[in-house]
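Below you'll find the structure, written out as structure tokens, and then a few comments.
The values are calculated or read from the model by the stated rules, or taken from the named source; none is laboratory data. What you see is a predicted model, and the numbers here were worked out from it, not measured in a lab. Reconstructed Cβ throughout: ideal geometry from the backbone, glycine too, with neighbour counts over all protein chains shown. Note: accessible area is taken over every heavy atom of the protein model, side chains too, but ligands, DNA and RNA are not part of it. Shrake-Rupley method; radii C 1.70, N 1.55, O 1.52, S 1.80 Å.
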Amino acid sequence: MLFHSPTFFVFFAVVLLLYRRLGLAGQNHLSLVASYVFFGWWDWRFLGLLAFSTAVDFLVAQRIEATDDAARRKRWLWVSLGVNLGLLAFFKYVGFFVDSAVDLLLALGLTPHRPVLGILLPIGISFYTFQTMAYTIDVYRRRTPATRDPVAFAVYVAWFPQLVAGPIERADRLLPQFSERRLPTRHQLGSGALLMLIGYFRKVAIADTVAPHVDRIFSDPGSASSLGIALGVVLFALQIYGDFAGYSDIARGASRMLGVELMQNFEHPYFSTSITEFWRRWHVSLSSWLRDYLYIPLGGNRGGPVKTYRNLMLTMLLGGLWHGAGWNFVIWGGLHGGALAVHKLWRRDRPAAPGRARAIASWAGTMALVCLAWIFFRAHSFSEAMAVLGGLFAFTGGLPGGTALVAVAAVGALLVIDVPQFRRGEHEAILRWPWWVRGVTYAGLVLATLLLSGSPSPFIYFQF
Amino acid sequence: MPTAARLRSLLRGKATRLCLALLLLVELGVARPDWLWRLVPRSGAGIVDVLETRVIARAEAPQIIVMGSSRVRDALSPRDLERALRLPTGAVLNLGLTSGTPFDAVTLYRRNRAKLRTARLLLVGLEDWYLNGAMAPTERDRRFADLSERWSDWDGELRLSLLLGYVWRTYDARDVIRETLQALARRRVRDVPLAPDGRLLWRADEPQTGPVDVDVLAELDGFFRDDRPGLGRRAQLARLIALAQADGLEVRLLRVPWRDAYLDARHTRHPAADARWRAWIDSLTPPPLGAERASAVGLLPTDFVDYGHLAGRGATLFASLIADQLRTSGWPAR
């Protein structure tokens, strides 16, 4: 059930109307049923997996909390990590590892048999396994108490607005919200609806509109000029931002309309003037997860510069692999890890200097790097990425007029939304506009989204 | 304050009221009136008016009506069929249109019943993708389908989307509005030319022969993306047949051949769809006219311009095949 399908509108309207009539227990039961219906709509066969992951972490967390024996606590933690990472490894990475092993053997001159595994990737598994692991780790670290309410915990894991593509929430933020009856205020309903509208606009009017142009350029880079490829890469940067930030807006808006606040997942990343700032603004729930549960446990920046750079690189390589089982994602992560390390090294002896020209240059450099890295993220294989890079640096001229026009329109559309939000520092900045401007803007957003919508296309991050 | 009251108070906000007023303006001023749907002749919806005003209205005494998709449109030149059946000029009317479905046929028939019921024979082309329930509704479905048709001919997500469009016509009209805006931006509304024999002329030229090899997979995979059984088009076909028979017309179904490569690829890439199609064809009595496999009726790959649209030479051969089959089955009977 896609957020921008008529089925979801009916589903959400029914949930919203029933929700308000219920007390705490009823709201949680309804939330759980709705979340499982939402998830099962894609493939009901994976509901058992979701329930299993939920049950394991619910029970493990209680075991951890029940004892002060450090060894036992650690053993239980490993049970949770083993189960969650095991599920992830089996469903997401077995094929990749087997293929890589076969390729290695082929490179060594052997002729191994390449098995056909046919394992389906359960939608959202990367997100909900990370969310449940975060809970268990936090209980282990005594940062959050283990919940005794299995329904509230199951809703925390499966909360439908953010189940399939985040934000990856922390238990100490989300779980307490399921222990009180939720009565959305008028402001929550209004701003939630506005967030959803902005999300639909980002997804449908921007991401889906530029997608065919990106597909055309990436599927046949040989027939595009260098300028055309550069434009295609920029368009992909807009597409993935519109797609993912749009999803996050819809998730937050829908959740807010049900009285549950989700964290902000995007903070206008394309306004960043350094790669470090970019990662503070892009997919914040993942980057903060990686920081808290991977980078800091690896040692963070506590062991001197070399270890810091190593930890950064490892974190980003694994972050890349989290996105997808492919070497192109590893390279994407590696590029960002390398850039973060270089930036850290650069900034160690040079404090940030003020100045508009310097800021513009920093912004341009950051965007160039981010866009170059997107090539590996978008390409289906390493060779495809190299073909795109080869075309990009062939320095051939010729700007495709239609694509350029789409790019200008997409950038303009994003700026209309992002600039007021960025300047005001709040995502509901539109609510501060005069009423007549808001009215026209709302209608404009609805009509633009409607007129540019075709058949609903899945969100890019669903594949992760 | 309960949530419903909060929602109500939210809707009473000035900005929301202005937004709703603007949307209502678009709904009543743009999406609901018929002019929008007719404005662009080359659009999926506007083509119906081209057929009605320039083809059907000018037909004097049609004896054979041909309906179906663009493959039917290209496969049967009225003049070829008239010659082969020794019928007077103007006796055959080909109303095939791009992405034409049984719904378009029944809609055209209903809207022009006074003229079309005077014919003696109705030939209706069949397409394999009519059985794919995941195939999205066309602009004509959105323009003409009434509430019961939206409910009964569709299921799942597509039914919901059509019901939504029935209530909120702006949703139904979104493709048409976009096409109209694009036409206005170009400051040019392209017309649809007619061939000398009265058919719609979609391509700039009408080649006599086509290429030896073409990539059939793009179309094939498009027809059967997310393929699942759907009975809506068959129900529409049944309605058309019942209506025409009630008016005294003989109705014969028709298969236009595909390139062999297309059929082979359908069999291997979409076996369920292939089996569904075969089961349907086998269940039809009398069997449809025409043929399925090009090579079975002596058509060459070069007789097609693509996966299944006949070029000029192929269309002439096909017209004589249909004429032979009609004569063999005793037509014309009176």
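A few comments on the model shown:
- Qualifying residue in the range A:219-241 (condition: part of a loop (DSSP other than H, G, I, E, B) and of a type in the set (A, V, I, L, M)): yes
- Residue count, the range A:345-385 (criterion: surrounded by 12 or more Cβ atoms within 10 Å (Cβ to Cβ) and charged (D, E, K, R)): 4
- Filtered residues of the range B:140-184 (kept if among the polar types (S, T, N, Q), surrounded by fewer than 16 Cβ atoms within 10 Å (Cβ to Cβ) and within 11 Å of chain A (Cβ to nearest Cβ)): B:GLN182
Yes or no, residue by residue, for (1) part of a helix (DSSP H, G or I); (2) within 14 Å of chain B (Cβ to nearest Cβ); (3) open to solvent by 10 Å² or more (accessible area, probe 1.4 Å):
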position	(1), (2), (3)
A:ALA89	yes, no, yes
A:PHE96	yes, no, yes
A:MET133	yes, no, no
A:ILE137	yes, no, yes
A:ALA152	yes, no, no
A:ILE168	no, no, no
A:ARG181	no, yes, yes
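- Residue match in the range B:220-238 (condition: over 24 Å from B:PHE103 (Cα atoms) and open to solvent by less than 80 Å² (accessible area, probe 1.4 Å)): no
- Criterion (within 12 Å of chain B (Cβ to nearest Cβ), modelled with pLDDT of 85 or more and in contact with a Phe, Trp or Tyr (Cβ under 6 Å, 6 or more places away or on another chain)) met by exactly one of A:LEU450, A:LEU445: A:LEU445
- Test result for A:LEU321, touching a Phe, Trp or Tyr at 6+ places or on another chain (Cβ under 8 Å) and within 22 Å of A:ALA385 (Cβ to Cβ): yes
- A:ARG173 being in a helix (DSSP H, G or I), more than 14 Å from chain B (Cβ to nearest Cβ) and open to solvent by 20 Å² or more (accessible area, probe 1.4 Å): yes
- Residue within the range A:183-200 that is assigned to a helix (DSSP H, G or I), of a type in the set (Phe, Trp, Tyr) and within 14 Å of chain B (Cβ to nearest Cβ) present: yes
- Close pairs (6 angstrom Cβ cut-off, 6 or more residues apart or separate chains): assigned by TED's automatic domain parsing to the domain that holds B:ARG293 in the range B:115-129, acidic (Asp, Glu) anywhere: B:ARG117/B:ASP247; B:LEU121/B:GLU250
- Qualifying residue in the range B:89-107 (condition: within 19 Å of B:PRO196 (Cβ to Cβ), more than 14 Å from every other protein chain (Cβ to nearest Cβ), without any contact (Cβ under 8 Å) to a residue 12 or more places away in the chain and outside any helix (DSSP H, G or I)): yes
- Considering residues of the range A:269-287 that are surrounded by fewer than 19 Cβ atoms within 10 Å (Cβ to Cβ) and out of contact with any Pro (no Cβ under 9 Å at 6 or more places or on another chain) only, the residue farthest from A:MET316 (Cα to Cα): A:PHE271
- Hey, B:THR53 of a type outside the set (D, E, K, R), open to solvent by 10 Å² or more (accessible area, probe 1.4 Å), out of contact with any Asp or Glu (no Cβ under 9 Å at 6 or more places or on another chain) and without any contact (Cβ under 8 Å) to a residue 12 or more places away in the chain or not: yes
- When residues of the range A:1-40 are limited to those that are outside any helix (DSSP H, G or I) and more than 10 Å from every other protein chain (Cβ to nearest Cβ), the one nearest to the chain's Cα centre (by Cα): A:PHE3
- Qualifying residue in the range A:420-431 (condition: among the aromatic types (Phe, Trp, Tyr) and without any contact (Cβ under 8 Å) to a residue 24 or more places away in the chain): no
- Checklist (1) open to solvent by 10 Å² or more (accessible area, probe 1.4 Å); (2) farther than 25 Å from B:ARG42 by Cβ; (3) not in a helix (DSSP H, G or I) applied to B:ALA119, failing item: (1)
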